[in-house]
1. Could you give P(r) for segment 36-86, binned at 5 Å from zero, as whole percent values over all Cα-Cα pairs?
2. Select from Val40, Val93, Val122 the residue whose mean-square fluctuation is largest in a Gaussian network model of the chain (Cα-Cα springs shorter than 10 Å).
3. Expressed as a whole percent, how much of the Cα-Cα distance distribution for segment 33-260 exceeds 29 Å?
4. How big is the dipole moment of segment 77-200 about its Cα centre under a simple scheme where the beta carbon of each Lys and Arg is +1, that of each Asp and Glu is -1, and everything else is neutral? Debye, nearest 20, please.
5. Would you order Thr62, Thr109, Thr70, Thr226 from fewest to most other beta-carbon atoms within 10 Å of each residue's own beta-carbon?
6. Label Asp138 and Arg105 with points 7 Å out from Cα along Cα→Cβ: what is the distance between them in nm?
7. Which percent of the Cα-Cα distances in segment 179-266 go past 20 Å?
8. Counting other beta carbons within 10 Å of each Cβ, put Thr248, Thr94 in order, fewest first.
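Only the coordinates and a few stated rules stand behind these numbers; no lab work does. Remember, predicted model here, so these are calculated numbers, not experimental data. Virtual Cβ from ideal backbone geometry, glycine too; neighbours counted across all protein chains shown.
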Amino acid sequence: MRIAETLDVPLRAAAPNLNHKETAFLMDTRQPIAGQVAVVTGAGRGIGAAIARKLAALGATTVLCGRTQTSLDETARAIVDSGGKTEVIPCDVTILHQLEYAAARVDSTFGRLDILVNNAGVGGFKDPLHNLPPEDWDRILNTNLRGVYYAIRAFAPLMIRAYSGHIVNISSLAGKNALPNGAAYAASKWGLNGLTYSVAEELRGHNIRVSVICPGSVETELSPHTGKDPNKMLQPDDVAHVVGMLVTQATQSFASEILLRPTQKP
Ligand SMILES: NC(=O)c1ccc[n+]([C@@H]2O[C@H](COP(=O)([O-])OP(=O)(O)OC[C@H]3O[C@@H](n4cnc5c(N)ncnc54)[C@H](OP(=O)(O)O)[C@@H]3O)[C@@H](O)[C@H]2O)c1
């Protein structure tokens, strides 16, 4: 029997002749990160909600962070309805003490943190930079870049203590290319890429893998997608799938950067 054929059907029905060791192996394959704890920022909707659902489906207890309790609760409900484990800790990634509180709560509740996904982000795609209001610059940079610094500052010590962990930063192809009318957003994502490469080297010696995913346009509420064919666009689950791949790598393997494009231009 091929293992892949058994993944989505009840184990006992699919493989009644397996011994305990083989069954345990299959169960590990179904939930390869069972027992681990993951934090996802911006988990209330869009890409963050998809990542949270994915990590919970892979077996992790998934902690949902974001500013809006109601949308975090919606993601939590979806996870629980699918048999997953989750906890909601509302927080704003632009406020350091809220992240420090979240980290203290994760530590006191679970005593560990295995995965941090820095996904929370805001867009800004309307104005050339010379017309961009300074408060928009602050909002974009403080969320997309400073927020990741704050989250790493708050959560990395738990991973350093355990000599293990994954930090996955959700950047963008706008962090690799020019983005007219989105210069502040592009700057935040170019900055995030540089931050990621550097922190990856800082934490490598602590056995922590810090990686970055740079997706092209994904069908979410972040930006209008006028004129794009939704059937060709990347979906939040596509990004979640890549996060799942990163956190289930063999211990010796470190995929540090992934550029994610749609197969056909939408
Ligand atoms: N959609 C795309 O085309 C695309 C492409 C490449 C990369 N990305 C990146 O993917 C990430 C997710 O984007 P998305 O498309 O899923 O956007 P989205 O649907 O607008 O979701 C953004 C999430 O971030 C949260 N958030 C925003 N500011 C926050 C803050 N200060 N503190 C905590 N949470 C905050 C929001 O929740 P609250 O408002 O409730 O806090 C929301 O859950 C972003 O980093 C974005 O730059 C998106």
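1. With a bin width of 5 Å, the distribution comes to 5, 28, 39, 21, 6, 0.
2. Val122
3. 21 percent
4. On the way: 11 positive and 10 negative charges, 56 e Å.
Using only the charged Cβ atoms, the result is roughly 280 debye.
5. Final ranking by Cβ density, sparse to dense: Thr226, Thr70, Thr109, Thr62.
6. With each label point 7 Å from Cα toward Cβ, the separation is 2.6 nm.
7. 46 percent
8. Neighbour counts put them in this order, fewest first: Thr248, Thr94.
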